[in-house]
Amino acid sequence: MSVIPLVFTSGWASGINAYAVVLLLGLFGATGVSDEVPAALQRTDVLIVAGVLFLCEAVADKIPYVDSVWDTAHTVIRPVAGAVIAALLAGESGSLPELAAGAIGGSTALMSHLVKAGTRMAVNTSPEPFSNVGMSIAEDLGVAGVVTFAIFNPVAAAIIAAVLLVLGIVTVVFLASRIRRFLRRRAQRREEKRLAGTGGAWPPG
């Protein structure tokens, strides 16, 4: 069977939490649950690093505004991780050129990352922190569930990932006004900090 469904699903999941994808796939391979997981993802050092970074993300992802800073820092990391995981999966199966797999995984990861980042910006306009915690838990459970399902039924999991991606894009479009509000507030805070650093003088000096 073509590895494309698994590549697409891993790309979507990587855009949300790349460390969870590496950790899950690595554990599935190391424990013998799946023989389609590349050996590179099963290495002990890779699993340890992925586990530590997953815990860091689990904390940062639940703190208002810190989650958006974390997302900004991962704008490159998540798509690259999605592309690398996809290329490794393709190389393991031999059913899809690694370059094509990387393009699919990377572009899908980028789209799901932008959906996640945009949604978090909208959530951060809410005055209470519980929405961040709820969103983070839902994302982690979603990634874990879909990636696990993909090991046993890759086509069905890919369909679910595609539906979730489309729904996410529609949600971001619907929340566009909140996202703009978040960006205005962030720009305002930066300007206030800059003015505080110059003693409130304008122009500085």
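Taken together, the values in this text are just the output of simple stated rules run on the coordinates, not laboratory data. Remember, predicted model here, so these are calculated numbers, not experimental data. Glycine gets a Cβ as well: all are built from the backbone with ideal geometry, and neighbour counts include every protein chain shown.
Okay, here's what the table says:
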| read-out | value |
| --- | --- |
| The range 30-176, dipole about Cα centre (Lys/Arg Cβ +1, Asp/Glu Cβ -1), debye to the nearest 20 | 220 |
| Inter-probe distance in nm under a simple model that places probes 7 Å from Cα toward Cβ, at THR148 and ILE77 | 2.5 |
| Structure-derived Cα extents along the principal axes in Å: which label, when the choices are (1) 58, 36, 28; (2) 64, 36, 32; (3) 57, 41, 34 | (2) |
| Farthest positive-ward along the chain dipole, Cα basis, beta-carbon charges - from LEU25, TYR65, GLN42 | TYR65 |
| Max mean-square fluctuation residue, GNM over the chain, Cα-Cα springs under 10 Å, options GLY145, GLY51, GLY91 | GLY145 |
| Global geometry of the range 1-53, whether rounded, prolate or oblate, following the gyration tensor of its Cα atoms and the 1.5 cut on a/c | oblate |
